[in-house]
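Participant: This structure is in structure tokens; I'll ask about it shortly.
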Amino acid sequence: MLIFGGSSMADNVAADQFAVIRIEGMHCHKCEQKIQQALSAHSGVHEVEVDFLSGQASVLFDRDSVSVKDLMDSINNAGYRATGFNLGQGTGGSSTGRTTH
């Protein structure tokens, strides 16, 4: 982790965003793996969990490095359909402040 200008780790974590992305077209664990690889390829992505049964990917990412649109485009480019998302704060595992798009 790079720290610039005396910034603390807490300052860097403040840029973290949590998103749950809804996905159509997943049928198996290989689908999960393909989407996980596509999302993890972004340098700002810290954590990815994909579940084909629920049709969702949970992503913790640095919103200063990557956008939800970038993540959804990666899912679409992998051959699946990202249909929407919910956002929450990435700090402390809290999912308060969600918005639906």
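Participant: What are the ³J(HN,Hα) values, in whole Hz, obtained from phi via the Karplus relation 6.51 cos²θ - 1.76 cosθ + 1.60 with θ = phi - 60°, for each residue of region 20-29 in sequence order, with x given for Gly and Pro?
Facilitator: Going residue by residue, I get 10, 9, 7, 9, 9, x, 7, 10, 7, 5 Hz, with x marking Gly and Pro.
Participant: Tabulate in residue order the Karplus-calculated ³J(HN,Hα) for region 35-48, using 6.51 cos²θ - 1.76 cosθ + 1.60 with θ = phi - 60°, rounded to whole Hz; enter x for Gly and Pro.
Facilitator: Karplus-based 3J(HN,Hα) across region 35-48 equals 5, 4, 5, 4, 6, 5, 5, 6, 5, x, 7, 9, 8, 9 Hz.
Read-outs throughout are calculated quantities, based only on the coordinates presented, and are distinct from any laboratory measurement. What you see is a predicted model; the values in this text were computed from it and never measured.
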